[in-house]
Every structure is written in structure tokens, then in C-alpha cells.
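Q: The structure that follows is given in the form of C-alpha cells.
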Amino acid sequence: MQQGTTVRISLGTKAVLDDLKIHKKESYDDVIGRLSHLAYDHEPMTDEELQALKEGLEDVRAGRTRSLEEIMRDLGDDKIVETLRSNGLSG
């Protein structure tokens, strides 16, 4: 027999867990286990990825950015640029 413990949660948290159940009889342990498995990063970022992210953030802070419209125009996809404009998504 598996040993367990009691955990105190708010009624709001219980309601959320109830909503997240895959089926009515799924245990709270199974719901929490499934959610915690999804939240855990099994492939942490490498040092190179972290450095690239830092450089990207520095670019954004320094204003070195381009709009999607500019990029699509440079790639020669005028159809997407026109779609962006017609949907009010262009600057």
C-alpha cells in the first residue's frame, strides 16, 4: 500500500484541479503529477542558448528590432504583407 500525506488547498485550487481532471475518477495525485511533469523542463537551455537569449534581449532593449511586415517584405512575400495590412495587423 502506498503511503500518502494530507495537503491543505483552498477551495478555489480544488475547483481548478477538478476542472483539470481527465476523467471524473482521476485522483488529485494523478492530476498534480501530470501537471508537475508538464511544468518540468527536461531539456534545460545550454550556455550557448542562454547567451543567445541575453543578446536578443539586449537587441530589443536597444531598439534593434524589425517588424514582421519588414521581414516578410525582405523575404519577398508581399501576399502576407497585404494580409497583415487588410487585417489591421500592420504598423
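Q: For LYS24, what is the net charge nearby, where nearby means another residue's Cβ is under 13 Å from its Cβ and Lys, Arg count +1, Asp, Glu -1?
A: Once positives and negatives cancel, what remains is -2.
Q: Rounded to the nearest 20 Debye, what is the dipole magnitude of the stretch 47-86 about its Cα centre when Lys and Arg each give +1 and Asp and Glu each give -1 at the C-beta?
A: Dipole size: approximately 260 debye.
Q: Could you give me the ³J(HN,Hα) list for the stretch 62-71, computed from phi with Karplus coefficients 6.51, -1.76, 1.60 and θ = phi - 60°, whole Hz, x at Gly and Pro?
A: Those phi angles translate into 8, x, 8, 10, 9, 6, 4, 4, 4, 5 Hz.
Q: By counting other Cβ atoms within 10 Å of each Cβ, how are VAL7, VAL16 ranked from fewest to most?
A: VAL7, VAL16
Q: A further question follows. Which of TYR40, LEU50, ALA15 sits farthest toward the positive end of the charge dipole of the chain, with +1 on the Cβ of Lys and Arg and -1 on the Cβ of Asp and Glu?
A: The listed residue farthest towards the positive side: ALA15.
Q: Could you pull out every one of the lysines with an alpha carbon less than 29 Å from that of LYS24, ignoring same-chain neighbours closer than 8 positions?
A: Answer for LYS24, where 29 Å is the Cα cut-off: LYS14, listed by chain and number.
Q: Next question, about the same structure. In a shell of Cβ-Cβ distance under 14 Å around ARG85, excluding ARG85 itself, what net charge do Lys and Arg (+1) and Asp and Glu (-1) give?
A: Here the count lands on -3.
Q: Over the Cα atoms of the chain, how large are the radius of gyration and the largest Cα-Cα distance (Dmax), in Å?
A: Calculated on Cα positions, Rg and Dmax stand at 23.3, 65 Å.
Q: Then there is this: Give me the net charge of ARG61's neighbourhood, meaning all other residues with Cβ under 12 Å from the Cβ of ARG61; Lys, Arg count +1, Asp, Glu -1.
A: Counting the neighbours of ARG61, the net charge comes to -1.
Q: Under a point-charge model restricted to the Cβ atoms of Lys and Arg (+1) and Asp and Glu (-1), what is the dipole moment magnitude of the stretch 1-40 relative to its Cα centre, in debye to the nearest 20?
A: It comes to approximately 80 debye.
Each value in this text was obtained by applying a stated rule to the coordinates, not by laboratory testing. Predicted, not measured: the structure shown is a model, and the values here were computed from it. Glycine gets a Cβ as well: all are built from the backbone with ideal geometry, and neighbour counts include every protein chain shown.
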